[in-house]
Amino acid sequence: MAKTLTANDDKYPEVQGTIGSIPNEPGNGMPSHDDIRMAAHEMVALLEKRKKIAAEISAYRKGAKAKGITLGVLDEQVRLLEWTPEEVKKFYAERDWYAEAMAHPIGSQLELYGTEATPDPVREQLKWRQIGVKHGLAGKGWASEAPKECPPDCVQSYGEGHEEGQGIVRRAFQTRLEKANAAAADARSAPEPDDGQTDIETVANDDGDDAAHMQDAA
């Protein structure tokens, strides 16, 4: 028969059941049901806080973007605040090096698009030549097929740049092939390591020589 609670006995028993006879304090090494419930309750509360903070950050980012802030660059700068000066220097030097490899107009390469004194028609030619170089380096498109947005009078410049980029890649492949061939040649010419095992043919020849010497002595 179920226990009837009275005015003086309106509290939970010290050990609460959950489903049937499953005890609140298990003997299986797992957390109690009360611990699980409280953990779930606290996690839900924290997730709700995170939602509110995320909404605040989202609203702030929208406002910053509306003011002209480039969010990706802002995020990068905030992240760099945790870095040492040496790490920041390496970060930018590495990116400049990679950009230079792909013929992007950075640093000393700004002249690739001309200067402020360069006439606009010439600057446009230089621009499309460099786009061709980048596409050639990346193996994108064909020298004879300029992008549709390329002005007709810049198609030749694009093609020349594309061929230049392809030439750079071919030289890189050739250099890699030569290094691979040299490494293979070195490997073939290197003496085989002594594994400590006696060669059977050598032993047989040595035994034959010993037998011949014994006959001569006799």
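The values are calculated or read from the model by the stated rules, or taken from the named source; none is laboratory data. All of these numbers come straight from a predicted model, not from anything done at the bench. Here the Cβ is made from the backbone with ideal geometry for all residues, glycine too, and neighbour counts use every protein chain on show.
A few points about this structure:
- Screening the candidates 148, 67, 127 for the property of being surrounded by 10 or more Cβ atoms within 10 Å (Cβ to Cβ), out of contact with any Cys (no Cβ under 6 Å at 6 or more places or on another chain) and on the phi < 0 side of the Ramachandran plot yields one hit, 127.
- Yes/no for residue 116 being more than 26 Å from residue 150 (Cβ to Cβ) and either at pLDDT 90 or above or not in a helix (DSSP H, G or I) (or both): no
- When residues in the stretch 132-166 are screened for being part of a loop (DSSP other than H, G, I, E, B) and in contact with a helix residue (DSSP H, G or I) (Cβ under 6 Å, 6 or more places away or on another chain), 4 of them pass.
- For residue 83, the conditions (1) under 24 Å from the mean Cα position of the chain (by Cα); (2) part of a helix (DSSP H, G or I); (3) farther than 30 Å from residue 166 by Cα; (4) not charged (D, E, K, R) are fulfilled apart from (2).
- Some residue of the stretch 51-64 being in a helix (DSSP H, G or I), of a type in the set (Phe, Trp, Tyr) and at negative phi: yes
- Applying a threshold of 7 Å to beta carbon distances and a minimum spacing of six or more residues, or different chains, the list of pairs starting in the stretch 115-137 at a residue that is of a type in the set (Lys, Arg) and ending at one that is part of a loop (DSSP other than H, G, I, E, B) reads 123/114; 134/102; 134/103.
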